[in-house]
1. Pull up segment A:114-145, narrow it to residues that are over 21 Å from the mean Cα position of the chain (by Cα) and polar (S, T, N, Q), then point me to the one that is farthest from residue A:248 (Cα to Cα).
2. When you go through (1) free of Cβ contacts under 8 Å to residues at least 12 places away in the same chain; (2) more than 9 Å from every other protein chain (Cβ to nearest Cβ); (3) closer than 14 Å to residue A:139 by Cα one by one for residue B:167, which number turns out not to apply?
3. Could you tell me whether any residue of segment A:146-153 is under 25 Å from the mean Cα position of the chain (by Cα), facing another protein chain (nearest Cβ under 7 Å), within 20 Å of residue A:185 (Cβ to Cβ) and without any contact (Cβ under 8 Å) to a residue 60 or more places away in the chain?
4. Among the numbered criteria (1) away from chain A (no Cβ under 12 Å); (2) modelled with pLDDT under 90; (3) surrounded by fewer than 19 Cβ atoms within 10 Å (Cβ to Cβ), which single criterion is violated by residue B:221?
5. Mind checking whether some residue in segment A:206-220 is assigned to a helix (DSSP H, G or I), at the interface with another protein chain (Cβ under 10 Å from one of its Cβ atoms), more than 21 Å from the chain's Cα centre (by Cα) and without any contact (Cβ under 8 Å) to a residue 60 or more places away in the chain?
6. Anything in segment A:152-189 that is in a helix (DSSP H, G or I) and out of contact with any Phe, Trp or Tyr (no Cβ under 7 Å at 6 or more places or on another chain)? List them, or say none.
7. Evaluate segment B:60-81: report whether one residue or more is closer than 30 Å to residue B:189 by Cβ, assigned to a helix (DSSP H, G or I), in contact (Cβ under 8 Å) with a residue 60 or more places away in the chain and over 29 Å from the mean Cα position of the chain (by Cα).
8. Filtering segment B:93-104 down to residues that are surrounded by fewer than 24 Cβ atoms within 10 Å (Cβ to Cβ) and more than 8 Å from chain A (Cβ to nearest Cβ), which residue is nearest to residue B:188 (Cα to Cα)?
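The values are calculated or read from the model by the stated rules, or taken from the named source; none is laboratory data. What you see is a predicted model; the values in this text were computed from it and never measured. Because the Cβ atoms are built from the backbone with ideal geometry, glycine has one as well, and the counts that use them run over all protein chains shown.
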Amino acid sequence: MKSAPTQFDVKQSQGEGRVQVTRSFTLQSAVQNSGAVAYVFLLPSLVFLAVFTLWPIVSVIWSSFRTRQGREQVFVALQNYERLFTDPIIQQVLKNTLFYVTAGVGFAVIGGLLLALLLNQGLRNIGFFRFPFLATIALPMVSVASIWLFLYSPRVGLFNEILAGLGLPLSNWLNGRELALPALFVVYLWKQLGYFALFYLAALQALPVDVLEAAKLDGITLWQQLRFIIWPLVSPTTYFVSTISVLGALQQIDHVFVLTTGGPNNATNMSLFYVYEQGFKYFNIGTASAMTVILLAVLMTMAILQFVYLERRVHYD
Amino acid sequence: MKGNARNWREVLPVVALAAFGLIWIVPMIWTLLAAFVPTTELLNDSPLVWLQSLHLGAFEDAWQVAPFLRYYLNTFIFVFGLLAIQLVTISLAGFALARMDFRGKDQIFFLFLTQLMVPASILILPNYQTLAKLRWLDTYQGLMAPYIASAFGTFLMRQAFKQVPKELEEAARSDGASWLQVLWHVFLPVTRAPLLAFSIVSVTYHWNEFLWPLLITSSVEIRPLTVGLALLTASSEIGAQWDQLAAGTIIVVTPIVVLIAVVQKQFTSSFMGSGIK
């Protein structure tokens, strides 16, 4: 709006004898002055935004097309991507990632909604019931992982104690190829389910009371109420929870570090952990960059879809 | 029959919630027990014996094995130092975007939006390279750098500032107050709630942060609690010092648990507002 601020405007507001001028044309000069001041206000954020969010995006795309040869970086077109997709373990990594993403969405939506319904039944002292689910949201993933490492421990862990008590054969949990990934996923779910439930809880509390009351009078079953009234009404929340659970699942790494470091035999190696391993353990910067670019593409697509969806809702609701 | 059905309908949800709660509570209790009861007794004796053998030995050991006091200090400097800087950057940027007109506003808005789409954890590789070039590895400014500009905080403040009546601003401006004075004396006092909401999210998020500090810190003087705990965990696994590990875990999480117990309500709403953390 209005003309852009010029050098002259800045000088004018700074010049001593001009204070009077500024005062008498308050509104107009406010608009003019704000231009230069706005850039000053934005500068600290913009500098760090540029160096630590925008530049890294450009630089990682750039380095995904290059590789080190001797002392120089040379352009290698798509070779890094070729190497990435011919890495013998990449299929395992993608499979594990896909498991986390799909199971993550499923449990976030169904488990989150179920937990929210249970927390929303108007019990007294609901704060007391809510606390454990809130607590895990706030706990560091590293501590959560330490807790579960202890639970899964073959010799002194709670789970094997229970199995032994029931006279069942003991399990290796995190050291077995089949159970390691699901065991890891349980830890992720234990930490995050309360977070997803929070959004459903807010949605449930915003439901129109009269609709629910009318439904009750009509004598429909609990299932019908859930399926035909609640589920459609909370669908925006379902969309939102799905999106953030995909974004969250793609970034899971802390508990992988503590519990399995990607093992046994890459059974729990996934998206971000793979980037870490390639970049910081094997120093395959090209491959790590290529994987980062793929993750970036997925995340940005998801985010854009989310914005488009929100935009639509704002316009047509 | 009908009475039974109604009972069933009322009792089942409570039972289900209790079952859910149990799954969430048991690991926490097991950790507490592991820290306060010697491991051998925890495994071989009955709960009655446990109560008699409660002790703090594991905490003393954990405290000695890892410099937790130093880690606490490091986490404090990182988390609250960063928060102080963020409060300045998000207030200034949010104010400019909410109340000022300037060329390129839409473009700048979009630049902030990019940060919401791309979580910092995805950019560890290029950001590590930048930090190495700046010689900021193993420094506090290195720990903080990727988070100093916060799109989430900026948008939160922009939204809050937009709701402040125009008259307040104009009155202050016509009294000759500078923009900075207007922001400080008129806008910030009435936007304490969003500032607090942002603070809760920022403190929790960075208190818990692991990957970035793991990559860029290498000395005891900078390393935060989470990385210290992970190191202890790695060594415990080999030596199976489970009681020390449990004690260490409790040392790390206590402040956060206390924080949410105190501000449970605000915590909930703040985290909902954060959407994508």
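1. Among those that are over 21 Å from the mean Cα position of the chain (by Cα) and polar (S, T, N, Q), it is A:125.
2. (3)
3. Taking every residue of segment A:146-153 in turn, at least one turns out to be under 25 Å from the mean Cα position of the chain (by Cα), facing another protein chain (nearest Cβ under 7 Å), within 20 Å of residue A:185 (Cβ to Cβ) and without any contact (Cβ under 8 Å) to a residue 60 or more places away in the chain.
4. So residue B:221 meets the others, but not (2).
5. Looking through segment A:206-220, none of the residues is assigned to a helix (DSSP H, G or I), at the interface with another protein chain (Cβ under 10 Å from one of its Cβ atoms), more than 21 Å from the chain's Cα centre (by Cα) and without any contact (Cβ under 8 Å) to a residue 60 or more places away in the chain.
6. Those that are in a helix (DSSP H, G or I) and out of contact with any Phe, Trp or Tyr (no Cβ under 7 Å at 6 or more places or on another chain): A:160, A:161, A:162, A:163, A:164, A:165, A:175, A:180, A:182, A:184, A:186, A:188.
7. Within segment B:60-81, none of the residues are closer than 30 Å to residue B:189 by Cβ, assigned to a helix (DSSP H, G or I), in contact (Cβ under 8 Å) with a residue 60 or more places away in the chain and over 29 Å from the mean Cα position of the chain (by Cα).
8. B:98
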